[in-house]
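A quick write-up on the structure given underneath.
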Amino acid sequence: MTDLKPFEIETAEFAFEVYGENGNLDGTMLGKFMRCMNLNPSLARLEELGATKKPGEKSFKVEEVLPMISQLKKEVKDMGCYEDFIECLKLYDKKGDSKMLAGELTHAFLTLGEKMTDVEVDELMEDCLEEEDDEGEIDYIPFLQRMCEKAPILKKKKK
């Protein structure tokens, strides 16, 4: 049983067809599937749900993933939002002008929290980052705006 709306179930079934095979979703694809559902669980949370690193170790039926989606949607409320990320990046804003070194942003993605790979960081920067200025700085607010547009989970707080 799940509290998902009909369109969410339809979206999940479609994503299941894309990422699954013969009515099963391999455990290695659980993270991609959840991100397709606009969810962004941590790697640790995916492991708790049964995600695997090697193909063929575990598989899921669509009926098994629907309750997972429902649970993860409830957990999203605890994730940071746009304003939280602005506050974090202000720590790197040495002049107080809404700019930071592009290298510091890249370094943070590669070394802090759930570290991203070089390829993931390059893709994110290519999609969301404007050109850096002569001092190697970027405006981090437009970067965050583009990042949040591409990741609907990071919505602005409603006032």
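The values are calculated or read from the model by the stated rules, or taken from the named source; none is laboratory data. Fair warning: this is a prediction, and the values are worked out from it, not measured in the lab. Positions of Cβ are generated from backbone atoms using ideal geometry, with glycine treated the same way; all protein chains shown enter the neighbour counts.
Some notes on this structure:
- Sole exception among (1) under 26 Å from residue 13 (Cα atoms); (2) among the hydroxyl-bearing types (Ser, Thr, Tyr); (3) not in a loop (DSSP other than H, G, I, E, B) for residue 106, by number: (1)
- Of everything in the stretch 15-27 that is touching a Lys or Arg at 6+ places or on another chain (Cβ under 7 Å) and closer than 21 Å to residue 73 by Cα, the residue that is surrounded by the fewest Cβ atoms within 10 Å (Cβ to Cβ) is 19.
- The stretch 62-90, residues that are among the β-branched types (Val, Ile, Thr) and either out of contact with any helix residue (DSSP H, G or I) (no Cβ under 7 Å at 6 or more places or on another chain) or at pLDDT 90 or above (or both): 62, 65, 69, 76
- Residue in the stretch 62-74 that is over 15 Å from the mean Cα position of the chain (by Cα), more than 30 Å from residue 4 (Cα to Cα) and surrounded by 14 or more Cβ atoms within 10 Å (Cβ to Cβ) present: no
- Where residue 48 falls short, out of the listed (1) loosely packed, with under 15 Cβ neighbours inside 10 Å; (2) out of contact with any strand residue (DSSP E or B) (no Cβ under 9 Å at 6 or more places or on another chain); (3) closer than 21 Å to residue 13 by Cα: (3)
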